Amino acid sequence: DPRVRRWQELPQMILRRSWAMACALDGRFFVCGGVGQSDQAPVAARARQAKKASLEPWGPLEVIAAAESFDPVEHTWQQEKSMSEPHYGSACVFVDGAFHIMGGHGKRGVLSGCERFDGQSWHPLPDLLEARWCCTATYLLG
């Protein structure tokens, strides 16, 4: 909480994941993609039991396309529309009222695909000239 300069524990996400992309949009915090459980089953209950951060209790892992958002007013996570393709380690930046996901790594290797999320749905964008992952993106005004 920036007003009191203290961290606050939030409810568990719907899916445990790492290497995800995240961005704030319309007063909510969105998290999409990453590496998570292959069965896509919600794991919040198990996560609360596993107090330490470890990959062992996750079970089989795979690249996921699932997205979810956190509403700070309701203090809840909700499932959102999934990305068109599973990926992780992508660049993510907020531009013109939407967040943009570029490149990353997927089930077929390093990706060049890009898409944008406007808070309701995903829209394809032109591909990068070269496939990239573990990269960053920055939007400069002007």
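The values are calculated or read from the model by the stated rules, or taken from the named source; none is laboratory data. None of these values were measured; they are calculated from a predicted model. Positions of Cβ are generated from backbone atoms using ideal geometry, with glycine treated the same way; all protein chains shown enter the neighbour counts.
Here Glu80 meets the list (1) more than 26 Å from Gln12 (Cβ to Cβ); (2) in contact with a Cys (Cβ under 8 Å, 6 or more places away or on another chain); (3) not β-branched (Val, Ile, Thr) almost entirely, failing just condition (1).
Cβ-Cβ contacts under 9 Å between residues 6 or more apart (or on different chains), taken from a first residue in the stretch 1-20 that is farther than 24 Å from Gly33 by Cα to a second residue that is surrounded by fewer than 18 Cβ atoms within 10 Å (Cβ to Cβ) and modelled with pLDDT of 90 or more, are listed as Asp1/Trp7. Within the stretch 83-124, the residues that satisfy the criterion of being under 21 Å from Arg28 (Cα atoms) and among the charged types (D, E, K, R) are Asp96, Glu115, Arg116, Asp118. Considering only residues in the stretch 64-95 that are among the charged types (D, E, K, R) and part of a strand (DSSP E or B), the one that is surrounded by the fewest Cβ atoms within 10 Å (Cβ to Cβ) turns out to be Asp71.
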